[in-house]
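The values are calculated or read from the model by the stated rules, or taken from the named source; none is laboratory data. What you see is a predicted model, and the numbers here were worked out from it, not measured in a lab. All Cβ positions, even for glycine, are placed from backbone atoms using ideal geometry, and neighbour counts span all protein chains on display.
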Amino acid sequence: MTPLDQAHALMEQNPDTDAYRLRFYERFAESELYLLLDAEPDGDQISPQILTVEDETYLLAFDREERLADFAETGAPYAALPGRDLVAMVAGQGVGVGLNLGVAASNILLSDQALDWLHEMLGNAAKEIAARPTMFHAPALLSGEFATALAERLGNAAGLARRAYLVHADYDGGHTGAMLGFIDATDGAEAALRQMATEAVSFTSEGTGLDIAFFTSGSEVAAKLAKAGLAIDIPEPAPAPKDFAPTAPGMDPDTPPRLR
């Protein structure tokens, strides 16, 4: 059972619970998907196979290569790309996505309106504020769903920072609210960390805002965060391989789409 299968099952079992529906769309965006093509790629140009259902147009995507092969029944060309890239590709085009059709319990038709909404959610950006925190408190008012979503998303931030602390902060201008303080962020990683944290908030039903700040270990503020906050560990980067081995074109999962 894949993560998308699990998220889809929870959404189907709890149709009136926003949290499960949001989690499914989050999983869709984070999953690597295999897009069925009509023909072999021509350079960087692809021709996705089209399905028409009741005058609505859908592309066909699967979360496992084996599922695409089961659907096609014979060898078929495909493009592998993250769900968020597929959403960006179809946004505003009036095209939906048929996911795992006929090959898994998680089969579903995602409308063009749903994908346009998801594209907007993924495009939400953190807002910068000019305020100085004066006091930190434990994040007692935040739900477990919210903290879990942050921890899961930051689990993919290996090497981008040492750790993060979730707190409730008071500011010198009278503003109060949830704050996520990153410790020892890698140079140039701030934008990626902001995006990860912002998306984690967007895909929960908490409905809260989140201030994001960056500090260095050994500072007075970092010590206060450690005392009051909920620590969220960020994985260490994977060690570099001892011997360099060239990678075949298209085999790096960080450079989608991969074409076949």
Q.
Take Pro77 and tell me if it is modelled with pLDDT under 95 and either over 22 Å from Asn156 (Cβ atoms) or not assigned by TED's automatic domain parsing to the domain that holds Met11 (or both).
A. yes
(Q) Suppose the filter is surrounded by 17 or more Cβ atoms within 10 Å (Cβ to Cβ) and without any contact (Cβ under 8 Å) to a residue 60 or more places away in the chain; does Leu150 pass it? (A) no
Q. Is there any pair linking a residue in segment 211-229 that is closer than 14 Å to Thr134 by Cα to one that is assigned to a helix (DSSP H, G or I), with Cβ under 9 Å and at least six apart or on different chains, and which?
A. Ala213/Val221
Q: Determine whether segment 49-65 contains at least one residue that is of a type in the set (A, V, I, L, M) and part of a loop (DSSP other than H, G, I, E, B).
A: no
Q. Can you pull out the residues in segment 66-92 that are in a loop (DSSP other than H, G, I, E, B) and either over 22 Å from the mean Cα position of the chain (by Cα) or aliphatic (A, V, I, L, M) (or both)?
A. Glu73, Thr74, Gly75, Ala76, Pro77, Ala91
Q: Filter segment 154-186 down to residues that are free of Cβ contacts under 8 Å to residues at least 60 places away in the same chain and of a type in the set (Val, Ile, Thr) and give me whichever is surrounded by the most Cβ atoms within 10 Å (Cβ to Cβ).
A: Ile183
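Is there a residue being over 21 Å from the mean Cα position of the chain (by Cα), closer than 30 Å to Ala149 by Cα and not assigned by TED's automatic domain parsing to the domain that holds Arg153 anywhere in segment 48-57? Write out each step before concluding.
Within segment 48-57, the subset over 21 Å from the mean Cα position of the chain (by Cα) is 48-57.
Within this subset, residues satisfying the condition of being closer than 30 Å to Ala149 by Cα are none.
Checked against the condition, which is being over 21 Å from the mean Cα position of the chain (by Cα), closer than 30 Å to Ala149 by Cα and not assigned by TED's automatic domain parsing to the domain that holds Arg153, segment 48-57 yields no hits at all.
Go through segment 20-34 and report how many residues are of a type in the set (Gly, Ala, Ser) and more than 16 Å from Trp117 (Cβ to Cβ).
The initial filter retains those residues of segment 20-34 that are of a type in the set (Gly, Ala, Ser), namely 29, 31.
Still in the running and more than 16 Å from Trp117 (Cβ to Cβ): 31.
Number satisfying all stated conditions: 1.
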